[in-house]
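The values are calculated or read from the model by the stated rules, or taken from the named source; none is laboratory data. Note that the coordinates shown come from a computational prediction; the quantities given were computed from them, not determined experimentally. Because the Cβ atoms are built from the backbone with ideal geometry, glycine has one as well, and the counts that use them run over all protein chains shown. The area values use the complete protein model at the heavy-atom level, side chains included, leaving out ligands, DNA and RNA. Shrake-Rupley method; radii C 1.70, N 1.55, O 1.52, S 1.80 Å.
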Amino acid sequence: MRHLLRTNDAVLISAVGALLDGAGIGHLVLDGNMSIVEGSLGIIPRRVLVADEDLAAARRVLADAGLAHELEPDDGR
């Protein structure tokens, strides 16, 4: 699994999930339940991960949707 993006923006997480679902790309949102620990302050960023083999396609989907600026830097692995 590889990090696609991390954000505190719940709306962005939802939009990214919908885009990836629409493209048939499986994804995992980590730290989604951390609000219990942080008291719903939104301090801890949620992370969106995709399978290694889906990373390029997922990055393309988000870039095509105008969200390239939200992506984690590509480490080239």
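Quick rundown of the values:
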item	result
Pair list, Cβ < 8 Å and 6+ apart or interchain, from segment 21-32 residues that are touching a residue at least 24 places away in the same chain (Cβ under 8 Å) to residues that are assigned to a loop (DSSP other than H, G, I, E, B) and open to solvent by less than 60 Å² (accessible area, probe 1.4 Å)	26/51
All positions within segment 24-43 that are at pLDDT 95 or above and exposed (fewer than 15 other Cβ atoms within 10 Å of the Cβ)	24, 26, 28
